[in-house]
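Engineer: Here it is, the structure in full.
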Amino acid sequence: MTFKSIFEQHNWEEVKAGIYGKTAADVEQALHNPRRTLEDFAALISPAAAAYLEPMAALSHELTLQRFGNTMQLYIPMYLSNECQNICTYCGFSLDNKIKRKTLSHAEIMMETAAIKEMGYDHVLLVTGEAHQLVGVDYFKNVLQLLRPHFANISMEVQPMDEADYAALIPLGLHAVLVYQETYHQEDYKKHHPKGRKSSFDYRLETPDRLGRAGIHKMGLGVLIGLEDWRTDSFFTAMHLQYLEKRYWQTKYSISFPRLRPFSGGLAPKVVMDDRELVQLICAYRLLNQEIELSISTREKEVFRDNIIRLGITTMSAGSRTNPGGYTVDRQSLEQFEISDERSAAAIAAMLKRSGYEPVWKDWDKVFS
């Protein structure tokens, strides 16, 4: 059994109607339940919960402090390649977007590594487009062997792979994999992914199962907020999370909240989520799951990121560049999406300290493996 068998038992429109039908009484019940269910989560992300944002935020803050203390893990993405064989309506790397393509060589990767290490990072997220021939498993094997001596924590956000591929990469230093479903709405998924291997909804949906069987230490889930109704997409994400935690209980999990951002020739969001709604969603996840890591990227504005750290977020990027070689090699190459918070890693660390939080540059070491 995989998550697909559970997913197919639910109808998108029925789930959506259930969320939008929640009442104030349902929200109050969810706030008082000591162990919250998916139905409680549906109430907490419903329109009815908007009036309860203050108690949700206070409880989210309390639960986060109990589990994570006054700490914030910092990570930085390293974009290795913008080659991509998929057409995705929302991405700057899409095959039909006429841009200069680049894949970093070993020498260029080491230049980027030196710049990242100088900022203080020991946690790097490797990112590519989806081009299996140019940046496939063999390329990733070489990159992991190259970077393992320099970073305590190496994560990847690349194309979904087979279980055997993940099993081959984990011993080389792969610590975590982020794989976003983009949207759980099957029809809209097809509209946004008309060409390439990413067009297979089922293969992407079952990627976390392959990761779990391969024995990955941590995996990240999420959707691209703006492609479809964010409440319904988030409910399916939470359902997926609960299934994975029960089946692959030795794996850690994180949730990210990427809101659709502009790129050259970009797509306008179908559904716009405002800042209060994003706070509501973050708090709802924390109230559902005290252990989950919640991550926010530089897609968000400075003021929002400065304030959200107290409300449930435990991981954030800083000083990011979303183009291959963006730190030293090719600063002007096209970004995957626009950055909103352009402050340096040092500036973010100083902000965290002023707010009473400890920036964590390293939270894992290979000696614990």
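The values are calculated or read from the model by the stated rules, or taken from the named source; none is laboratory data. This one's a predicted model, so the numbers in the text were calculated from it and none came from an experiment. For neighbour counting, all protein chains shown are included, and Cβ atoms are generated from backbone atoms with ideal geometry for every residue, glycine included. The protein model used for the area step is the full one, side chains on, heavy atoms only, and it has no ligands, DNA or RNA in it. Shrake-Rupley method; radii C 1.70, N 1.55, O 1.52, S 1.80 Å.
Engineer: Could you work out what % of the accessible surface of the chain is carbon and sulfur, using a 1.4 angstrom probe and leaving DNA, RNA and ligands out of the count?
Structural biologist: The value for the chain is 51 percent carbon and sulfur by accessible area.
Engineer: Determine how large the accessible area of Glu108 is when every protein chain is in place; take a 1.4 Å probe and give Å² rounded to the nearest 10.
Structural biologist: Counting only protein heavy atoms, Glu108 exposes about 40 Å² to solvent.
Engineer: Dimensions of the range 1-63 along principal axes (Cα, Å, largest first)?
Structural biologist: 37, 24, 15
Engineer: Separate question: Lone cysteines in the chain, defined as no other cysteine's Cβ under 4.7 Å from theirs: which are they?
Structural biologist: Within the chain, the cysteines lacking a partner Cβ under 4.7 Å are Cys84, Cys283.
Engineer: Here's a follow-up. For the range 95-251, what is one quarter of the convex hull surface built on the Cα atoms, given in nm²?
Structural biologist: 10.2
Engineer: Continuing with the same structure: Just the number, please: percent antiparallel of the DSSP beta bridges in the range 3-360, rounded to the nearest 5.
Structural biologist: Given both bridge residues lie in the range 3-360, the antiparallel proportion sits at roughly 5 percent.
Engineer: Using only protein heavy atoms and a 1.4 Å probe, report how much of Glu187 is accessible, in Å² to the nearest 10.
Structural biologist: For Glu187, the solvent-accessible surface is approximately 110 Å².
Engineer: Next question. So which of Lys198/Lys270; Lys4/Lys190; Lys195/Lys252; Lys16/Lys218 end up more than 27 Å apart by C-alpha?
Structural biologist: Check vs 27 Å cut-off fails for Lys195/Lys252; Lys16/Lys218.
Engineer: At 0.36 nm per residue, minus the direct Cα-Cα distance, what do Asp96 and Ile6 gain on full extension? Give it in nm, one decimal, please.
Structural biologist: Value of the extension gain: 28.9 nm.
Engineer: Please give every one of the lysines within straight-line cross-link reach of Lys117, meaning a C-alpha to C-alpha distance under 19 Å, and leave out same-chain neighbours fewer than 8 residues apart.
Structural biologist: Lys362, Lys366
Engineer: Which order do peptides 135-148, 310-323 fall in by mean Cβ count within 10 Å, highest first?
Structural biologist: 310-323, 135-148
Engineer: Using a probe radius of 1.4 Å on heavy atoms only, what accessible surface per residue do you get for the range 3-360? Whole Å² is fine.
Structural biologist: With the other protein chains kept in place, the range 3-360 gives 39 Å² per residue.
Engineer: To continue, here is another question. Going by alpha carbons, how many degrees (0 to 90, nearest 10) lie between the helix axis of 137-147 and the longest principal axis of the chain?
Structural biologist: It is inclined by approximately 80 degrees.
Engineer: Mind jotting down the distance between the C-alpha centroids of the range 54-106 and the range 196-229, whole Å?
Structural biologist: So the two Cα centres are separated by 14 Å.
Engineer: Convex hull over the Cα atoms of the range 3-360, averaged projected area in nm²?
Structural biologist: 16.2
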